[in-house]
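Structure first, commentary second.
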Amino acid sequence: IGEMGANTVRVYTIMDAEFYEALYDYNTEHSQPLYLLQGLSVPDHANYGAEDIYQAEFVDLLKENGIKSVDVIHGKRVIELGNHSGTGWYRWDVSPWTIGYLLGHEWDSGIIAYTNYSTQGPQSYQGTYFQTAPEATRFETAMAQLMDTITDYESKKYKQQRLISFINSPWDDPFEYETLYNTRFFSYNQVDMEHILPTSELKSGYFAAYRLQYLCPDFQTYLTQAQRTALGDLLTGLEDMDLYSSYLELLSRYHTMPVAAVGFGFSTSRAPVVEGQEPLNEQEQGQALVEMWQKIRQADWAGG
């Protein structure tokens, strides 16, 4: 990973203890270390189930593993039977190289919608480090609460804070699209990191994280008129850019915080992912990845 020029590793959940031992050994033996983005996820049957985020296997598990992950990166945890996490004796302090935490690996649009339309969960949150804006949804409120819990635990126990975010995707981005677009791409929700606000107690910072996927080539034309009016000058010049450049640039302009791509890829499946396009071979896949990375940098994103 280091030899190919990358400087950061993202993992989806707490790994087995050997991973952190290997990371510690590598970083103490090399002048250019590898940094870590520690992910937290839930079982697929919970994420794609028929309940909202406040089921026990969801928000409680994220809280539990969030607290565990803080201890894990500081090398002060034993996990015998991990619940959707690794196991082992975690005694290697990799906190000097840990950038921050990521909630979720991908969020099912259905569970976001279930949560937002449920009357069970709270629709606002006021924590020590994060709070919600009046426009926040119940899903965004849950993310604020989880981010606050993890930050609070690390602040009290280790006197440290780290960057933190949750995963979003183009299908749940902050923008409002026409019904035709929503139906075609199962885009049921608008999830907006701007609705989660830091308090003065947060010293580390936070960011918007997106898992990039294939996009509708004409996504701009499907923005509702009200959304186009609200975005105003943010749309200027985007029509002259290619698909990904325009989308990345729009998100960069929209957000008031750093934006990072925490996952992107191109398929070499024999079946074309995009109708009318030939399948990619591995060389074309590699070229597409490099081009996407260049577009991410050109749009002034924090990384990818």
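Rg and Dmax of the range 1-121, based on Cα coordinates, read 16.2, 53 Å. Per residue, the convex hull around the alpha carbon atoms of the range 128-192 comes to 83 Å³. How many angstrom lie between the C-alpha centres of the range 241-262 and the range 1-23? The two parts, judged by their Cα centres, are 26 Å apart.
Within the accessible surface of the range 166-304, defined with a 1.4 Å probe on protein heavy atoms only, the carbon and sulfur portion equals 49 percent. In terms of its alpha-carbon gyration tensor, the range 197-304 comes out oblate; a/c meets the 1.5 threshold, while b/c is at least as large as a/b. The listed residues Lys63, Lys76, once ranked by accessible area (1.4 Å probe) with the largest placed first, stand as Lys76, Lys63. Once the Kirkwood radius over Cα pairs is known for the chain, the Stokes-Einstein relation at 4 °C and 1.567 mPa s delivers a diffusion coefficient of 63 µm²/s. Which residues in the range 201-230 place their backbone N less than 18 Å from a point set 7 Å from the Cα of Val274 along the Cα-to-Cβ direction? Hits in the range 201-230 for Val274 at 18 Å: 211-222. Based on Cα contacts under 8 Å between residues 6+ apart, the chain shows a relative contact order of 14 percent. Panel note: the C-alpha atoms of the range 94-241, placed on their principal axes, show extents of 49, 38, 26 Å (largest first).
Sorting the segments 178-184, 128-134, 23-29 by their residues' average number of neighbouring beta-carbon atoms within 10 angstrom, most packed first, yields 128-134, 23-29, 178-184. Using a probe of 1.4 Å on the protein chains alone, the accessible area found for Met292 is around 10 Å².
The values are calculated or read from the model by the stated rules, or taken from the named source; none is laboratory data. The structure presented is a predicted model; accordingly, all values stated were derived computationally and were not measured. In this analysis, Cβ positions are derived from the backbone assuming ideal geometry, glycine residues included, and neighbour counts consider all displayed protein chains. These accessible areas exclude ligands, DNA and RNA; they are computed on the full protein's heavy atoms, side chains included. Shrake-Rupley method; radii C 1.70, N 1.55, O 1.52, S 1.80 Å.
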